[in-house]
Amino acid sequence: MKKLFSNFKGDAFGGITAGIVALPLALAFGVSSGLGPSAGLYGAIFISFFAALFGGTNTQISGPTAPMTAVSMVVIAGIIAANDGDVTKALPAILTVFLLAGLIQIGLGALGLGKYIRYIPYPVVSGFMTAIGVIILITQILPAVGYYPKEDTEFVSTFKPQAEEAILENILIEEAGEGILVLEDFRETIARAELVTEADILKESKTLAAKEASGVLGTIKVLGRALQNFNWLEVLLALGTIIIIYGFKRITTVVPSTLVSLVVMSGVAMIFGLNYRPIEEIPSGLPIPNLEILTNFKLGTITPYIFTALTLALLGAIDSLLTSVVADNMTKTKHQPNKELVGQGIGNSVAAFFGGIPGAGATIRTVVNINSGGKTKLSGMIAGLLLLCILLIPGLPGLASDIPAAVLAGILITVGIGVMDYKGLKAIPSLPKDIKIGPLKLSSEVLIMLIVLFLSTFWNLVYAVGIGLVIASLMFMKTIGDLTAQRSDVKALSKEKSWADESDFPEKLKEEVFIKHLKGPLFFGSTSDFQSLAGQIPLTAKTVIIRLGRMQYMDQSGLYAMEDVLQELNKNNITVLFVGLLKQPEYMMERIGIIPDLIPKNHIFSSFKECILWVKNNVKDTY
């Protein structure tokens, strides 16, 4: 406790400054997610406080971030659509997925898996981060120009036939659930259909219209209508916000330009009584836990989103641990990765119970905290408490609810521009072109990055990361297999470069003895070349020496490839000798009986010198 308050003044200033920076971003991310500004604010409060309290990076400031919000957006939109566009009905399932992501993070930390996060390939991370930026930029076009598909009467009316069909389908599903035999008696169906009002059809039409215009592809579909029906006032508010954010940074960085733009543009809109669109109302008072997560829990509702929850957990882990590394470099300290994951998981779990969107360690807010004097966990806790105070101070939540939606859209546009991985994009022309697809030569790393970028932007963020990881792994394994095969070429002793201790090998026995060097792991990527060994042994050779001192590892594929080769050689009455067999390959071969069934113990030598003695005593010069 004494250590926690050892830098109270610096931590207080750092936490307050970081909290001020977090406020506009929390509101913007909440609106962008689809759950409203309060969800972003609740996420910022609880994640910041609990991730700091239980985490393993003293100066980390956590909260909603662009990548986490982009994935959350997909979850939220999907579950809301499955619940007839009713956010209230969908909320328990949405928050359950967020809670599951937090629990997975706690599990990752408890199992000590934090150190393995760094093995995710850079091209996958680069493509994903750039895609996040593109998604935010494109999806914020509609609110920035003041176009809302649900309010476009002409656009909504085109969905009326689909809405009537969807309502009738829901009636039939309800009747099936109640055991009513529709084919025998349509009277109940007709009676229920007659109760459907124009208001019901309009509501369903608006839900379908919003779904059609959601995401990147949806925005592109309605972009023409948006540009025909844009609102000049909303455009000017968004542009003014963007100009202030970039312009004010040139004057000073002491005061966050995001906060300045929020205050100035919102103040102008409110003071002059402009007819703008405000964000949703932010409830005042203490946040109330949503216990429906527990009381209305249904495994079937969240089953389709378990992989998404895992992706959220891993993404949050990567985001947080990268920020931890930045903090380490600035403070010359060392974070605890597993403890940090547990802290982030607790923060996200608590935030889910209170209706907050998930988050992670935020680099900009962490840097601001450190530069403002923050040194201990207290700074992150103070940042969360400051945001909580905004809800508790009379009048402030109401004032925040009057912030123009276009201003938050402008803030998010700058976030989208900033989150893209320009380092990875700039490297595209200079990376070596190591693969050939038809007539084209490409860089495998660039190809992975572009695949993840394209699939994330236009299809599915979650699946794109999975596909990117699979492709990156396959390409890596192929590369390692090729390199291993190159180093382990099957050549006769006269053609293959001899090792230093082979200089004393009897010249007269070189026709009778074939030496094979294995200079790397024998795994599924290199087995095909090894299996050609039996066919390349000279006809004069009746003894084969396989040197295994540099074969550190053998997988199951390599094990069976070795067994096939040895069986073939035994069939041809060729004696095989092992030299320098290491522990892991020996253990593998003993498990399936290669040793001693195919290779007797007395044919295994620890050194080549011992092997030469055996050869001199047992191999005759016949050529």
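Could you check, for segment 558-581, whether at least one of its residues is in contact (Cβ under 8 Å) with a residue 12 or more places away in the chain, in a loop (DSSP other than H, G, I, E, B), hydrophobic (A, V, I, L, M, F, W, C) and closer than 25 Å to N617 by Cα?
Among the residues of segment 558-581, at least one is in contact (Cβ under 8 Å) with a residue 12 or more places away in the chain, in a loop (DSSP other than H, G, I, E, B), hydrophobic (A, V, I, L, M, F, W, C) and closer than 25 Å to N617 by Cα, which makes the answer yes.
So L35 passes all but one of these: (1) surrounded by fewer than 24 Cβ atoms within 10 Å (Cβ to Cβ); (2) on the phi < 0 side of the Ramachandran plot. Which condition number does it fail?
If we test L35 against (1) surrounded by fewer than 24 Cβ atoms within 10 Å (Cβ to Cβ); (2) on the phi < 0 side of the Ramachandran plot, just (1) comes out false.
Six or more apart or on different chains, Cβ under 7 Å: which pairs go from a residue in segment 201-228 that's more than 17 Å from T457 (Cα to Cα) to one that's aromatic (F, W, Y)? Could you list them?
Qualifying pairs under 7 Å: S205/F159; L208/F159; A209/F155; A209/F159; R225/F155; A226/Y147.
Here are some residues: I242, I282. Which one is in a loop (DSSP other than H, G, I, E, B), of a type in the set (A, V, I, L, M, F, W, C) and crowded, with 16+ Cβ neighbours inside 10 Å?
Working: I242 fails: in a loop (DSSP other than H, G, I, E, B).
Exactly one residue qualifies, and that residue is I282.
Take the residues of segment 207-219 that are at pLDDT 85 or above and not in a loop (DSSP other than H, G, I, E, B): which is nearest to I135 (Cα to Cα)? If you could, list the steps in order and put the result at the bottom.
Going through segment 207-219, the residues at pLDDT 85 or above turn out to be 209, 212-213, 216-219.
Next, from what is left, pick out any that are not in a loop (DSSP other than H, G, I, E, B): 209, 212, 216-219.
Numbers: A209: 19, E212: 16, V216: 6, L217: 10, G218: 11, T219: 10 Å.
Among those that are at pLDDT 85 or above and not in a loop (DSSP other than H, G, I, E, B), it is V216.
Assuming K2 fulfils every condition listed in (1) more than 16 Å from L387 (Cα to Cα); (2) of a type outside the set (A, V, I, L, M, F, W, C); (3) modelled with pLDDT of 85 or more apart from one, which condition is it?
(3)
Would you check which residues across segment 526-570 are of a type in the set (A, V, I, L, M) and under 23 Å from F505 (Cα atoms) and list them?
L533, A534, I537, L539, A541, V544, I545, I546, L548, M551, L569
Being crowded, with 19+ Cβ neighbours inside 10 Å and closer than 21 Å to E151 by Cα is true for just one of A210, A199. Which residue is that? Talk me through it step by step, then tell me what you get.
Values: A199 fails: crowded, with 19+ Cβ neighbours inside 10 Å.
After applying the criteria, what remains is A210.
Specify which of the listed residues (A351, A360, A405) is within 23 Å of the chain's Cα centre (by Cα), under 25 Å from I245 (Cβ atoms) and aliphatic (A, V, I, L, M).
Details: A351 fails: under 25 Å from I245 (Cβ atoms); A405 fails: within 23 Å of the chain's Cα centre (by Cα).
On inspection, the qualifying residue turns out to be A360.
Which number in (1) crowded, with 19+ Cβ neighbours inside 10 Å; (2) in contact (Cβ under 8 Å) with a residue 40 or more places away in the chain marks the one condition that S443 misses?
Against the list (1) crowded, with 19+ Cβ neighbours inside 10 Å; (2) in contact (Cβ under 8 Å) with a residue 40 or more places away in the chain, S443 comes up short only on (2).
For residues in segment 534-549 being small (G, A, S) and either in contact with a Lys or Arg (Cβ under 8 Å, 6 or more places away or on another chain) or part of a helix (DSSP H, G or I) (or both), which is farthest from M562 (Cα to Cα)? Steps first, answer last, please.
Let us first name the residues in segment 534-549 that are small (G, A, S), namely 534-535, 541, 549.
From what is left, the residues that are either in contact with a Lys or Arg (Cβ under 8 Å, 6 or more places away or on another chain) or part of a helix (DSSP H, G or I) (or both) are 534-535.
Details: A534: 11, G535: 14 Å.
In this case the residue turns out to be G535.
Do the conditions hold for Q105, that is, is it among the polar types (S, T, N, Q) and in a helix (DSSP H, G or I)? It would help to see each step written out before you state the result.
Details: among the polar types (S, T, N, Q): yes; in a helix (DSSP H, G or I): yes.
Yes; evaluated as a whole, the condition is true for this residue.
Conditions tested, residue by residue: (1) assigned by TED's automatic domain parsing to the domain that holds P121; (2) within 30 Å of V125 (Cα to Cα); (3) buried (at least 21 other Cβ atoms within 10 Å of the Cβ).
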{"site": "M270", "(1), (2), (3)": "no, no, no"}
{"site": "N275", "(1), (2), (3)": "no, no, no"}
{"site": "L286", "(1), (2), (3)": "yes, no, no"}
{"site": "I306", "(1), (2), (3)": "yes, yes, no"}
{"site": "A317", "(1), (2), (3)": "yes, yes, yes"}
{"site": "S324", "(1), (2), (3)": "yes, yes, yes"}
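When the residues of segment 582-601 are narrowed to those that are in a helix (DSSP H, G or I) and either under 20 Å from A541 (Cβ atoms) or of a type in the set (V, I, T) (or both), which ends up nearest to the chain's Cα centre (by Cα)?
Kept after step one, since they are in a helix (DSSP H, G or I), are these residues of segment 582-601: 583-591, 594-598, 601.
In the following step, the residues that additionally are either under 20 Å from A541 (Cβ atoms) or of a type in the set (V, I, T) (or both) were identified as 594-595, 598.
Values: I594: 43, I595: 44, L598: 47 Å.
Ranking the qualifying residues of segment 582-601, first place goes to I594.
The values are calculated or read from the model by the stated rules, or taken from the named source; none is laboratory data. On a predicted model such as this, the values are computed, not experimentally measured, just so you know. Every residue, glycine as well, gets a Cβ built from its backbone with ideal geometry; the counts of neighbours run over all protein chains shown.
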